[in-house]
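The values are calculated or read from the model by the stated rules, or taken from the named source; none is laboratory data. Just so you know, these numbers come straight off a predicted model, no measurement behind them. Glycine gets a Cβ as well: all are built from the backbone with ideal geometry, and neighbour counts include every protein chain shown.
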Amino acid sequence: MEQAQDGELVIELQQGNLEALGTLYDRHRQLVFRTALAITADDEAAADLLQDVFLRLKRFADHIDPTRPLEPWLYRVTTNLAYTWIKRRYVWMRAWKEMAEWLVRERRPSPHYVAEMDDACHHVREAVSSLPPQQRIVVVLYYLNDLSLQEISEIVSVPVGTVKSRLYYGRRALRAQLGLQGDFIPEAGYEYA
């Protein structure tokens with residue numbers, strides 16, 4: 001039995017055949033994963049990007065020309081998503097650094113104090129990175145980006161109550177990761193419409 005060509009599978013996908021998407025995924029997942037991993041140098045990010053690329057393939061199948069090779073399209077989408085991931089990570093890392101610099105500016109830092117602050121920021125970044133993605137997203141949006149619960153709710157397309165729950169469990173996990181007691185991490189301000 002002859003194996004279907006990518007173009008034939010794209011046509012089947014355009015007609016709603018999800019088995020065609022599965023076949024394309026099996027055929028090209030290593031290419032997409034290796035590309036994403038090479039750009040991001042992060043296994044978890046590469047795995048997430050792999051899923052995103054094939055979700056986009058399903059979503060935009062009608063815009064893909066089945067007479068052209070699929071691999072260049074996959075490379076382009078993978079690299080665009082990976083570069084977006086890198087830019088976001090850079091912005092996030094810069095926010096952490098600015099927060100540390102703001103804390104350091106409050107008093108004349110000694111080299112020892114600066115080293116402690118770098119170490120503390122590193123531990124906080126690791127703790128936030130260890131959160132499940134759903135909790136990590138709302139924690140970052142709320143505490144670093146200073147967004148309201150309603151804004152976060154709209155961004156992640158979940159009810160405000162779900163955002164509050166994710167913040168609660170995210171704070172609890174951060175306290176445990178950082179070995180903190182009490183309310184070192186401020187509670188979410190409950191907003192009323």
Does Ala95 meet the test of being outside the structural domain of Thr35 (by TED's automatic domain parsing) and either in a helix (DSSP H, G or I) or modelled with pLDDT under 80 (or both)? no
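Yes or no, residue by residue, for (1) closer than 30 Å to Gly7 by Cα; (2) at pLDDT 75 or above; (3) surrounded by fewer than 16 Cβ atoms within 10 Å (Cβ to Cβ):
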| position | (1), (2), (3) |
| --- | --- |
| Arg89 | no, yes, yes |
| Trp102 | no, no, yes |
| Glu116 | no, no, yes |
| Ile155 | no, yes, yes |
| Arg166 | no, yes, no |
| Gly189 | no, no, yes |
Meets criteria (charged (D, E, K, R), modelled with pLDDT of 95 or more and surrounded by fewer than 13 Cβ atoms within 10 Å (Cβ to Cβ)) for Asp26: yes
Within 11 Å of Leu57 (Cβ to Cβ) and within 25 Å of the chain's Cα centre (by Cα) - does that describe any residue in segment 2-15? no
Quick one: in segment 70-87, which of the residues that are of a type in the set (D, E, K, R) and exposed (fewer than 13 other Cβ atoms within 10 Å of the Cβ) is modelled with the highest pLDDT? Arg76
Restricting attention to segment 45-62, report how many residues are farther than 12 Å from Leu74 by Cα, among the acidic types (Asp, Glu) and either buried (at least 16 other Cβ atoms within 10 Å of the Cβ) or under 12 Å from the mean Cα position of the chain (by Cα) (or both). 1
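Condition check ((1) touching a residue at least 24 places away in the same chain (Cβ under 8 Å); (2) out of contact with any Asp or Glu (no Cβ under 7 Å at 6 or more places or on another chain); (3) in a helix (DSSP H, G or I)) across all residues:
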{"position": "Glu8", "(1), (2), (3)": "yes, yes, yes"}
{"position": "Ile11", "(1), (2), (3)": "yes, yes, yes"}
{"position": "Arg34", "(1), (2), (3)": "no, yes, yes"}
{"position": "Leu37", "(1), (2), (3)": "no, no, yes"}
{"position": "Thr67", "(1), (2), (3)": "yes, yes, no"}
